[in-house]
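Here the structure comes first, spelled out in C-alpha cells, and everything after it is commentary.
The values are calculated or read from the model by the stated rules, or taken from the named source; none is laboratory data. None of the values given here were measured: they were computed from a predicted structure. Here the Cβ positions follow ideal geometry from the backbone for every residue, glycine too, while neighbour counts run over all protein chains shown. Protein only, heavy atoms only, side chains kept; ligands, DNA and RNA dropped before computing areas. Shrake-Rupley method; radii C 1.70, N 1.55, O 1.52, S 1.80 Å.
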Amino acid sequence: MNKHQHKNWRFNRIALGVAMATTIYSGNSIAQQTSEDLEEVIVRAHPLSGEGLAQPFATLDGMALQRAQAASIGETLMGLPSVTSTSFGQAVGRPVIRGQQGARVKVMEDRIDTMDVSVSSPDHATTIDSFTAESIEVFMGPSTLVYGSGALGGVVDVHTGRIPHEVPEETSARFEGRAGDNGDRRTAAGRIDTGTGNFAFHVDGFYRDADDYEIPGFAESKQQRALEEMEEEDHDEGEEHSEEEEARDKLPGSYLETYGGAVGVSYVTDTGFVGLAVSRYESNYGLPGHAHEHEGEEEEHEEEHEDEHGEEEEEGNAELDLEQTRVDFEWGQELASPTFESLNLRIGYNDYEHVEFEPNGEAGTKFENEAWEGRFELVHSELSSVKGVVGLQAYHRDFSALGEEAFVEPVETTGAGLFYVAETSFNSLGVEGGLRAEQVEQDPDSGSSKDFTLWSASLGFIQPLTDTWNVTAQLDYSSRAPTAVELFADGPHLATQAFEIGDPNLDEEKAGNVSFGIHHQSERWLMSFNAYYTQFDGFIYEVETGEIEDGLPVFQFTQNDAEFYGADALIQWQAMTWNRGSLSFETSADAVRGKLDEGGEDDLPRIPPSRWSVGATLDWANFLAEIRYTRVSDQDDVAPNELPTDGYDDLQVHLAYAMDVGETNVEVFFNGTNLTDDEQRLHTSFIKDLAPQPGITLEAGIRIIL
C-alpha cells in the first residue's frame, strides 16, 4: 500500500470516547494494530482541542464518514449511538440527539452556526454538505454550554478545512463520483488543498441530483390510511377509500438538486495563521407530503388549476429553492506569554434566502436570514494545575418570512455570551467544569421585544479504574431562550399541517442533567456504556387545542415540566488479525423516553424508538467488506393525537477495493441500503405518516486520491 491507502484503510471508522487526558483515541475494530498504535483523534470543536472532555462524544471521519455520507447531515450521522434524524424527503434531515431536536441541537460549520433557518421549520434544509467534511464531531449533553443556549441537547460540528491552519507539504486532491439506482441518484464532489511559501489554499465543490425515490408500498402509512377511512365514515361521505388514488411505489416530491463549493486562503507563520473562506450553497428540492391546499381554499384552487383549455392541471408537490452565501474569517495565534498560550478569533457572515413555490409554480413564502456570529477564545496556561479557556460569543440574526402563508413575523435576534471552561486533576481523578452567562433579545417588527438572561454550568469527572477501564460522571444545568417561532408564530404552517400560535409570554427553558458512563479500550475490545437523565423546567412544546383555523388544526406553544432518560451501548471486538487482514464484529443499542411531568405523564411527540444493530467487517489487503443489520422497534409510546410507528429491519452492505495507479490511489466501492426493502418510517419526522424512507437502494462509486 502507498501512503494514500494507508491513510484511508487504517483504524479510523468511528471515534467514541470519554477522556480528560491530552489524547483521545479512536475506537474501531478493523485495525491491524495494537491499542498503543491507535490513531489519534483531535476533537476540534472543543476549546481545549481534545485536552479535556468529560461528556460522551463521537467523531466520524475517514472511511466511516465516506461510507455514511448522505444528502443530509442527519442521515449521515444516523449510525451513531443515540443519534438519529428528522426527515422531510432526501434533502432535509437534521440530527436528533438523545431525543432532542430543533433548537436544542446546534449544528455548526467549523465552530460557527450554520445560520440557516432549519430550526424554524422541519422542511428547511441544513446548509452543510457532508461531502465537504473532513470530520464530523458530535457532543452530547448540556455541557456543550460553550456554544450557547441552543446547544442544550447537543452539538454537531462539521469540520471542513476551508480555512487552512497550516501550509501543506505537498498538494493533495480528492475526487469522488457516485450513482444510485433508486431515484437515479448522481453525486460528484472534489477538493484540492495546496500551498506555496506562507500561503495555503483550499478549493472544494459538490453536486448532487436525484429524482423521486422508490418506496416499498404506499406513501401513507397504514395508520394514516385507517384514520382517513374512519374520518370518511364519520362524515358519511359515502365514498370508499380508494387505494388506486393514493401514491405508492414512488414518493412524489422527493427529488432534489444541490450544488455548491468554497474557496479559502490563509497566511501561515510559525506561530499562527489568518484566513478567509467564501462558500456558496444552492438547493432545489421537493416537499413530499406538503399539501398547500386546505379547506376553505379548495374551490379557489380548483379554478386556478384549470389551464387555458379548461382542463385541470396536475397538482403535484410544492418545492423549495434555496440560496446561501457565506464568508468566514479566522485568526489563530500562539502567544509568547507565561499566562496565555493561544487565542482564536472566528467570525462568520451569512446571507440566506429561500422561496417556497406552489405546485402550480407560483412563488409563495420567501424566507430570508441575514446573520453574523463571532467567537473569541483565549487559552491560559496551567494556574495551580488548572488549565482553561475563556471566551466570548456574539451573534445577530435578521429573520423574515414574507408571503400569504408566512406563519411568523420578521424578528431580529441578538445575543452575547461569556463562558469559561477549565480542567484539572486530583491524583488520578480528572475534573472539568464550565460556566456560561448569556443575554438574548428577540425583537419582532410589531409588539414588544423579549429579553432573556441565561445561565449554564457543567461539572464532569473521569476516574480510571485500570489501564483499560474508566468511569465518567457529569452534572449540568442549562437554560435556553425561546425561538422566534415559539414566541411569535401566528398562522398556517403547512409543513407541519398545523395552524401554529406562539406565546410571547414564554419563559426561558431550564434543564438539569446527570449522566454516567463506563468505558473500556484494549488491544481487541472497545466497550462504551452511557446512561443519562434530564429534568426540564418549562419545557417548550406544541399542544393541539382541538380548534380548527383555515382548515388546519390549531397548535399552541406552551410550557410544562418534562423528563428525558435513556442509555446507549457500543461493543467492538477485533476477533482475528493476520498479515494484511483482520475480522471484527460490532453491536450497539440505544433507547430514550421523553414524558411530560403533568398529571397524566403524557409521552412527548417524535421520540425515537429503541434500536439495536450487529455488524461484521473484513479488512483484507486492498479489499474491505462490511455488513450491518439494524432492528428499529415499534414506537407505541406516543403523544395524544400522534400515530404509532411500526418498527422495521434494515440491512446494509459496503464493499470496497483500493489500488495504486502510479502515485494515485483509486478506490471503487459499492453500497447497498435497505436491502430488506422494508417500509421505514422515522418516528422523529413530522411527515412520517406521509413519506417513508427510500426502499432498496444500490449505489456504486469511485474515489480518487492524489
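Per residue, the average separation of C-alpha pairs within less than 8 Å and at least 6 apart gives segment 76-205 a relative contact order of 19 percent. Using θ = phi - 60° in the Karplus curve 6.51 cos²θ - 1.76 cosθ + 1.60, the 3J(HN,Hα) couplings for segment 160-165 round to 9, x, 5, 9, x, 9 Hz; x is entered for Gly and Pro. Roughly how tilted is helix 222-234, in degrees to the nearest 10 and between 0 and 90, from the longest Cα axis of the chain? Result, in degrees: 20. The phi torsions of segment 509-522, fed into the Karplus equation with coefficients 6.51, -1.76 and 1.60 and a -60° offset, translate into couplings of 8, 10, 8, x, 10, 10, 9, 9, x, 9, 9, 9, 9, 9 Hz, rounded to whole numbers, with Gly and Pro shown as x.
Give me the log10 of I(q) over I(0) for segment 609-669 at q = 0.13, 0.17, 0.19, 0.27 Å⁻¹, as the Debye formula computes it from C-alpha points; what are the numbers? Values, matching the q order: -0.55, -0.70, -0.77, -1.04. Legend: residues MET527, MET63, MET659, MET230, sorted from most to least accessible area (1.4 Å probe; ligands, DNA and RNA excluded), read MET230, MET659, MET527, MET63.
Give me the 1.4 Å probe accessible area per residue for segment 585-632, excluding ligands and nucleic acids, in Å². Please report the intermediate quantities before stating the final value.
On the way: 2020 Å² over 48 residues.
Value for segment 585-632: 42 Å² per residue.
What the Cα convex hull of segment 343-501 gives, in volume per residue, is 174 Å³. A Cβ-based charge dipole, computed about the Cα centre of segment 329-449 with Lys and Arg at +1 and Asp and Glu at -1, lands at about 900 debye. Dipole magnitude for segment 65-122: computed about the Cα centre from +1 point charges on Lys and Arg Cβ and -1 point charges on Asp and Glu Cβ, it is near 220 debye.
3J(HN,Hα) couplings calculated from phi for segment 372-383 with the Karplus curve 6.51 cos²θ - 1.76 cosθ + 1.60 (θ = phi - 60°) are, in sequence order, 9, 8, x, 9, 10, 10, 10, 8, 9, 6, 5, 10 Hz; Gly and Pro show x.
In the distance distribution for segment 372-423, Cα-Cα pairs more than 15 Å apart total 62 percent.
Taking a quarter of the surface of the Cα convex hull of segment 527-674 gives a mean projected area of 14.1 nm².
So what does log10 I(q)/I(0) come out to for segment 629-698 at q = 0.13, 0.24 Å⁻¹, using the Debye formula with one equal point on every Cα and no solvent? Relative scattering, expressed as log10 I(q)/I(0), comes to -0.52, -1.03.
With a 1.4 Å probe and all protein chains left in place, how much accessible area per residue does segment 66-225 have, in Å²? Please list the in-between numbers first.
Numbers: 4150 Å² over 160 residues.
Computed with neighbouring chains in place, this is 26 Å² per residue.
Thinking of segment 346-407 as a set of Cα atoms, what percent of all their pairs are more than 14 Å apart? Write down the numbers at each step before the final one.
On the way: 1299 of 1891 pairs.
Every Cα pair in segment 346-407 considered, those over 14 Å come to 69 percent.
Report the rotationally averaged projected area of the chain based on its alpha-carbon convex hull, in square nanometres. Mind showing how you got there, number by number?
Numbers: hull surface 124.4 nm².
Its average projected convex-hull area is 31.1 nm².
The value of relative contact order for the chain, using C-alpha pairs under 8 Å at least six residues apart, is 12 percent. Each 10 Å bin from zero up to the one holding the largest Cα-Cα distance in segment 472-535 carries the following percent of pairs: 17, 25, 22, 19, 12, 4. Sorting ILE215, ILE627 by accessible area puts them as ILE627, ILE215; the probe is 1.4 Å, largest comes first, and only protein heavy atoms count.
With a 1.4 Å probe and every protein chain kept in, tell me what percent of the accessible surface of segment 574-670 is carbon plus sulfur.
Working: 2470 of 4420 Å².
Solvent-exposed carbon and sulfur of segment 574-670 make up 56 percent of the total.
The heavy atoms of SER130 present about 0 square angstrom of accessible area, all protein chains included, probe 1.4 Å.
Can you give the Rg/Rh ratio of segment 534-621, where Rg is from the C-alpha atoms and Rh is the Kirkwood radius?
1.31
For segment 419-538, what is the convex hull volume of the alpha-carbon atoms per residue, in Å³?
Numbers: hull volume 18.6 nm³, N = 120.
With only Cα atoms used, segment 419-538 gives 155 Å³ per residue.
Protein heavy-atom accessible surface, 1.4 Å probe, per residue over segment 346-424: 39 Å². Considering only protein heavy atoms and a 1.4 Å probe, what is the carbon-and-sulfur percentage of the accessible area of segment 65-203? Exposed carbon and sulfur together represent 52 percent of the surface. The fraction of all Cα pairs in segment 159-281 landing in successive 5 Å bins from 0 to the largest distance is 2, 10, 13, 12, 10, 8, 7, 7, 7, 6, 5, 5, 3, 2, 2, 0, given as whole percents.
Rolled with a 1.4 Å probe across the full set of protein chains, the surface gives ASP602 an accessible area near 50 Å².
With only Cα atoms counted, segment 78-213 has Rg and Dmax values of 16.8, 48 Å.
Of the accessible area of segment 377-422, with the probe set at 1.4 angstrom, what percent is carbon plus sulfur? Display every interim value, and only then the final one.
Values: 1130 of 1820 Å².
The C+S portion of the solvent-accessible surface of segment 377-422 is 62 percent.
Under 5 Å from the amide H of GLY364 lie the amide H atoms of GLU356, PHE357, GLU358, each residue being 5 or more positions distant or on a separate chain, with H modelled from the backbone and absent for Pro and chain starts.
Which of LYS366/LYS595; LYS106/LYS222; LYS387/LYS595; LYS106/LYS250; LYS387/LYS450; LYS106/LYS595 have a Cα-Cα distance over 30 Å?
Working: LYS366/LYS595 35 Å; LYS106/LYS222 34 Å; LYS387/LYS595 39 Å; LYS106/LYS250 33 Å; LYS387/LYS450 37 Å; LYS106/LYS595 22 Å.
Check vs 30 Å cut-off fails for LYS366/LYS595; LYS106/LYS222; LYS387/LYS595; LYS106/LYS250; LYS387/LYS450.
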